[in-house]
């Protein structure tokens, strides 16, 4: 018969404690992962709800295709697209802080990336809404998408 020493008991207790700790850590890790997934799902749902609300608020506007926007690329007739919305910025181009050249580079085009990369002020972002005239058709939208 083998004798059990205090060292054996302590080693057995230590192994048991380590196994319990490892299981607890795994459970905590699983809970954290589940929480992150839930938070991501909630965030996406909220983003989709905001998008749906914005689309509903724009439903009264006419649709203009990117091709139609491209016809308006002159100083006396200048349209741009920002975030899938169509703007007639003809009145703005001569007063734009960046200058006429900057505006004409984007005339008749989707200017979303250029607009975002400059880091416009909140005031400028709000101000552009007064020039809103339409929205892109659903098949040409990149930013405003319906889940339906």
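Data overview
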read-out	value
Inter-probe distance in nm under a simple model that places probes 7 Å from Cα toward Cβ, at residue 124 and residue 138	3.4
Over segment 8-84 - Rg/Rh using Cα atoms and the Kirkwood inverse-distance radius	1.55
Rg/Rh for segment 66-140, where both radii come from Cα atoms and Rh is the Kirkwood radius	0.93
Segment 22-53 and segment 111-144: distance between their alpha carbon centers, rounded to Å	30
Extent along principal axes [Cα atoms of the chain; Å; largest to smallest]	102, 35, 25
Calculated [θ] (222 nm, deg cm²/dmol) that DSSP helices of n ≥ 4 give over the chain, each run adding -39,500 (n - 2.57)	-17500 deg cm²/dmol
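Values quoted throughout were computed directly from the atomic coordinates according to the rules given, and no laboratory measurement underlies them. All values reported here derive from a predicted model rather than from experimental measurement. In this analysis, Cβ positions are derived from the backbone assuming ideal geometry, glycine residues included, and neighbour counts consider all displayed protein chains.
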